[in-house]
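Student: Okay, handing you the structure first.
The values are calculated or read from the model by the stated rules, or taken from the named source; none is laboratory data. As the structure is a prediction and not an experimental result, all values here were calculated from the model. All Cβ positions, even for glycine, are placed from backbone atoms using ideal geometry, and neighbour counts span all protein chains on display.
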Amino acid sequence: MKVDKVKISEVKTNPKNPRLIKDDKFRKLVKSIQEFPQMLELRPIVVDENNIVLGGNMRLKACKEAGMKEVYIVRAENLTELQKDEFIVKDNVGFGEWDWDMLANEWDAELLNDWGLFVPEMPTEVDYSILDDEDLDNELSDMADGVKKAIQIEFEAEHYEEASELVKFWRERQAYVGGMIMEYLKAERDKL
C-alpha cells in the first residue's frame, strides 16, 4: 500500500457518501487533527483513481477546516462502482451519523443491509390523524419538557429534494430551522 502526500485541493469529497459528523463531534474531529496530525499519515484518506474520496470524507472536511494544505491518501484502483459503494458503507459503519434521507432515496436498502447497515423501511402511507389528538399533545409535552420536538411537514414529490437540500444547508450553518419556519409562518398568518 503506497501512501502519497498531495495538495488538499486535488482531493474531491464524495457527494454520494451518506455519512455525516456534525456540530460538536465535527469540532472534536478538527481539534483531533490539529493536535495529532500524524494520525493522518497512519490513517490516510482513501480515494479512487479520480481522487474522489471513498474513505475519509469527514476527515478531509476537517483537514480543510483546520487549514491544512496537504493530506495523505491511498489510491484504491480497479474497483467496480459497486465495490466503491460497498467500501463507502463498510468504512463508515461505526462512527458519525447517517443521512437517512439520502440512504432511503439514493442507496439500495438490501445492499446496505448486506454490508451491515440496517435501514428501516418507511410506510408509503402515513396516518397523521394521531397528531391531532389533544391528549396525545399534552402527554408528549409533559414527557418532553425542555427537549427538542419535531413535527412533520409534507412536501409534494417535486419539492422534496429541494426542501431537503435547504434544510441541510441551514443545519450545516447551525441555524435553527424550526425558528426560521415559525417566523415565516407567523408573518404569513399576520398578512391574513
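Student: Scan the range 19-60 for residues that are on the phi < 0 side of the Ramachandran plot and part of a loop (DSSP other than H, G, I, E, B) and jot them down. Walk me through how you get there before you give the answer.
Tutor: Within the range 19-60, the subset on the phi < 0 side of the Ramachandran plot is 19-22, 24-50, 52-55, 57-60.
Answer for the range 19-60, where residues must be on the phi < 0 side of the Ramachandran plot and part of a loop (DSSP other than H, G, I, E, B): Ile21, Lys22, Phe36, Pro37, Gln38, Arg43, Pro44, Asp48, Glu49, Asn50.
Student: Does the range 40-55 hold any residues that are β-branched (Val, Ile, Thr) and either farther than 15 Å from Lys16 by Cα or not assigned by TED's automatic domain parsing to the domain that holds Arg75 (or both), and which are they?
Tutor: Within the range 40-55, just Ile45 meets the criteria.
Student: Given the conditions (1) under 30 Å from Val167 (Cα atoms); (2) at pLDDT 95 or above; (3) outside any helix (DSSP H, G or I); (4) not acidic (Asp, Glu), report the number of the one that Phe95 does not fulfil.
Tutor: Failed condition: (2).
Student: Same structure, new question: Tell me, yes or no, whether the range 40-52 has at least one residue that is surrounded by 14 or more Cβ atoms within 10 Å (Cβ to Cβ), touching a strand residue (DSSP E or B) at 6+ places or on another chain (Cβ under 9 Å) and closer than 29 Å to Ala163 by Cα.
Tutor: Scanning the range 40-52 turns up at least one residue that is surrounded by 14 or more Cβ atoms within 10 Å (Cβ to Cβ), touching a strand residue (DSSP E or B) at 6+ places or on another chain (Cβ under 9 Å) and closer than 29 Å to Ala163 by Cα.
Student: Restricting attention to the range 155-186, and to residues there that are more than 13 Å from the chain's Cα centre (by Cα) and of a type in the set (Ser, Thr, Tyr), which single residue is farthest from Leu103 (Cα to Cα)?
Tutor: Among those residues, the one meeting the criterion is Tyr184.
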